[in-house]
Amino acid sequence: MGVIKQLPQNVANQISAGEVIERPASIVKELIENSIDAGAKNIEIKIEDGGRDLIRVKDDGHGIEADDIESAFNRYATSKIEDIDDLYSLYSLGFRGEALASIASVAEIEMISRHQESDQAVKIKLKGGEIINKKPVGSTIGTEIIVRDLFYNTPARYKYLKTTTTEFSHISKIVSAEATANSDLSFKLYHDGRQILSTPGNGKLKDTIYAVYGSEIAENLIPIDVEDRYIKLSGYLCRPELTRSSRSHELFFVNGRPIFNNLTAKAVETAYNKLIDPGRRPIVFLFIKVNPILVDVNVHPAKREVKFSRSQIIFDVIKKAVRKTLKKNDPTTRIKLEQNNDSNEVNKEEAEENIDRSQLFSENNDQRKDNKSELQKSETKNQLSSEQKSSNNNYNSQSRNSNNYRGSSSDNHSKKDYQKNINYGSQEKQHNNISESKKDFKQIIEENENQEYSLAEVEAEESYFKFLGQIFNSYLLIETDQGLKIIDQHNAQERILYEKFYAEFNSKDQASQSLLLPVKIELSAEEREIVRQYEDEIREIGIDFSDFGNNTILIQEVPVLLKDKSTRNIIEEMIAELAEAGKAKSAAEIQKTMLEYLACRSSIKAGQPLTKKESIQLIKDLYKTENPYRCPHSRPVMINISREEIEKGLGR
Ligand code: ADP
Ligand code: MG
């Protein structure tokens with residue numbers, strides 16, 4: 001007698017159910033997707049005990065016809081595809097008519113469904129795949145499915161279930177992703193009677209993100225919208241200041257489905273590289289539309305993994321688009337000028353007169369003081385208007401060749417703003433020449449011939465900059481097509497040096513070198529403990545030391561970069577940081593701290609006068625960095641006052 005036997009249908013179902021139903025969250029996903037496929041507007045999900053006791057999904061979709069209600073539970077019974085080719089152009093979420101059959105084989109399932117063209121609902125109950133009850137009942141249009149006693153007949157699988165919290169967190173992750181993918185539908189999720197989530201279903205992605213992921217994330221979103229030959233990207237990226245320690249908030253949707261894909265995650269992370277700390281993950285809600293031919297969603301029936309057939313192209317497009325969007329969209333801290341409505345009318349009239357502050361400056365010395373304080377209080381309307389009243393009108397004598405000015409072909413305003421701005425810078429300098437920088441200052445005035453520097457080669461929000469001057473010996477003023485920018489010279493140089501050091505440090509020929517005179521560092525007991533704890537990481541970044549007894553260590557070898565710097569300070573600072581951190585840091589994080597410290601220490605300070613040449617070089621170098629807008633500690637490098645703000649402030 002042969003040994004090969006046909007498994008009973010029920011057992012076969014249980015086995016293949018394993019592919020689909022790993023845990024309660026997989027059931028929730030299947031049921032939600034069925035509701036979406038049925039055209040529901042509202043989907044309500046109720047969970048008890050992490051899904052072990054109860055999973056109930058109710059929708060207001062088109063419902064199931066009474067005649068179909070039993071066949072919905074047959075394996076490979078589906079209303080969604082007719083033959084194999086349909087699988088490759090699959091737009092519905094269901095797969096192969098397996099979900100309901102699989103759920104029915106491992107749990108007790110009850111379904112109440114009323115088709116949109118019927119006045120009555122049918123209620124059906126199955127256990128272990130067998131129908132145990134079926135009758136007509138009254139109900140609204142739509143479908144409700146209740147799953148109880150999950151894995152009652154497969155104890156091994158039941159045992160694999162994790163704690164209620166873990167199982168529910170899987171469920172909530174899935175509901176969150178589905179709700180985000182379908183912002184035109186309203187989702188409500190309850191756990192043990194408590195409402196956990198409720199989305200408006202108004203079709204606005206941002207509102208949905210707000211409802212699901214909270215206000216902090218919603219307020220820090222940068223829209224992304226990029227179309228390429230192969231793919232279209234939309235959705236939101238989160239500002240790099242906001243990160244997570246895991247990939248939990250990297251959400252990808254391919255052709256509307258939430259998916260997991262290593263390639264897309266990597267592409268986004270590469271784009272965020274250096275904008276966020278090592279070990280942190282960005283927050284993104286990225287919708288990827290590609291021709292279905294380029295994706296295979298059927299890699300695994302339950303896990304939402306997809307495979308792209310032209311992965312390199314997809315990787316590059318995503319990386320570039322994310323990078324560009326991050327750089328372009330509002331990375332500068334914006335300042336808003338207060339609008340004082342009372343004086344608006346007056347200011348409008350006065351502004352018509354083409355006031356030229358440079359004339360004010362050179363011909364009316366008494367006004368000089370006012371002009372200086374005016375910069376500090378540029379938001380104070382009254383101040384502005386009093387100055388405008390007393391100033392005379394001679395703009396044209398200062399006007400320059402408008403061909404130099406990008407984007408100004410249609411009006412004069414920008415030129416005027418430019419003139420005003422340039423005088424802000426130079427007045428300030430003039431004022432400061434009371435102090436030591438007299439000579440530099442004169443020189444700057446002479447040099448000030450309105451030269452424009454193109455930023456076309458660097459990927460910046462701005463396309464050019466024009467240097468206007470240094471103020472308070474600390475900040476550089478520039479005009480760009482984005483507005484008037486005030487750059488913190490210290491933070492700017494910190495950014496430049498950090499990237500330079502980072503590149504040097506990670507270049508192949510960055511070796512460690514022995515110190516001729518080893519540096520002795522005395523540590524507290526706590527610090528000694530820290531050094532012990534991080535011994536491997538410290539050596540990994542190229543610092544070699546030996547124990548000198550009595551909580552003293554002897555630094556013998558340091559990376560070349562540190563060699564001629566104050567090794568002691570840098571290492572002491574690093575240890576202090578580690579002691580303060582309170583949590584484990586990787587070698588990469590320690591290295592970052594060290595380089596930040598080094599960059600900070602080596603940078604020009606506030607209060608140091610710079611020549612025009614130095615300033616321009618600094619600004620050029622800044623724009624060549626990966627992120628000119630933030631210093632390595634994420635403080636802003638520059639603030640921007642847009643032309644609109646200036647004009648609004650001036651009542652134009
Ligand atoms: P699939 O979704 O792959 O078709 P399922 O086992 O999930 O397979 O569902 C089987 C069939 O039951 C579906 O094709 C659909 O016709 C019907 N169905 C399931 N859930 C619903 C629902 N919530 N609303 C309307 N019809 C449904
Ligand atoms: Mg389905």
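For the pairs Lys162/Lys289; Lys188/Lys266; Lys29/Lys188; Lys123/Lys159; Lys324/Lys500; Lys204/Lys289, flag any whose C-alpha to C-alpha distance is greater than 24 Å.
Details: Lys162/Lys289 35 Å; Lys188/Lys266 32 Å; Lys29/Lys188 14 Å; Lys123/Lys159 31 Å; Lys324/Lys500 22 Å; Lys204/Lys289 18 Å.
Violating the 24 Å Cα-Cα cut-off are Lys162/Lys289; Lys188/Lys266; Lys123/Lys159.
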Filtering trypsin sites (Lys or Arg not before Pro) in the stretch 129-171 by DSSP loop and by at most 14 other Cβ atoms within 10 Å leaves Lys162
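Multiply the residue separation of Lys41 and Tyr158 by 0.36 nm, subtract the distance between their alpha-carbon atoms, and state the gained length in nm to one decimal. Show your work: numbers first, answer last.
Working: separation 117, 0.36 × 117 = 42.12 nm, distance 3.32 nm.
In short, 38.8 nm is gained.
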Could you list which residues have their amide H under 5 Å from that of Leu185, counting only those 5 or more apart in sequence or on another chain, with H placed in the peptide plane? Gly203
Using the basic label-point model (7 angstrom from Cα toward the beta carbon), what is the Asn569 to Leu515 distance in nanometres? 1.4 nm
5 angstrom amide H check on Ile222, placed H, neighbours 5+ away: Leu237, Cys238, Arg239
Prolate/oblate/rounded label for the stretch 541-652 (Cα gyration tensor, a/c 1.5): prolate
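Under the 0.36 nm per residue contour assumption, what length would be gained going from the current alpha-carbon distance of Ile313 and Glu65 to full extension? Write out the running numbers ahead of the final one.
Numbers: separation 248, 0.36 × 248 = 89.28 nm, distance 4.48 nm.
Full extension from Ile313 to Glu65 adds 84.8 nm.
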I want the local charge near Asn153. Using Cβ-Cβ distances under 11 Å, sum +1 for each Lys or Arg and -1 for each Asp or Glu among the other residues. 0
Once you place label points 7 Å from the Cα toward the Cβ at Ser602 and Ser507, how far apart are they in nm? 1.1 nm
Under 5 Å from the placed amide H of Leu515, counting only residues 5+ away or on other chains, we find Glu557, Val558
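Lys and Arg at +1, Asp and Glu at -1: add these up for the other residues within a Cβ distance under 14 Å of Glu117 and post the number. Walk me through the numbers on the way to the answer.
Working: positive: Arg114; negative: Glu65, Asp67, Asp68, Asp119.
Charge balance in the 14 Å sphere: -3.
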How much accessible area per residue does the stretch 450-511 have, counting only protein heavy atoms and a probe of 1.4 Å, in square angstrom? 36 Å²
Ignoring ligands, DNA and RNA, what percent of the accessible area of the stretch 134-257 is carbon or sulfur (1.4 Å)? 48 percent
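In the stretch 519-645, carbon and sulfur make up what percent of the accessible area (probe 1.4 Å)?
Numbers: 2630 of 5850 Å².
Ligands and nucleic acids excluded, carbon and sulfur reach 45 percent.
Can you tell me the accessible area per residue over the stretch 112-270, all protein chains present, probe 1.4 angstrom, in square angstrom? Each step should come with its number before you reach the end.
Values: 7650 Å² over 159 residues.
Per residue, the stretch 112-270 has an accessible area of 48 Å².
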What list of ³J(HN,Hα) couplings, whole Hz, do you get for the stretch 585-597 from phi and the Karplus terms 6.51, -1.76, 1.60, once you set θ to phi - 60° and write x for glycine and proline? 10, 7, 4, 4, 5, 5, 4, 4, 4, 5, 5, 4, 4
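The values are calculated or read from the model by the stated rules, or taken from the named source; none is laboratory data. Because the structure is predicted, anything quoted here is derived from the model rather than measured. Positions of Cβ are backbone-derived with ideal geometry, glycine not excepted, and every protein chain shown enters the neighbour counts. Keep in mind that these areas ignore ligands, DNA and RNA; they rest on the heavy atoms of the full protein, side chains included. Shrake-Rupley method; radii C 1.70, N 1.55, O 1.52, S 1.80 Å.
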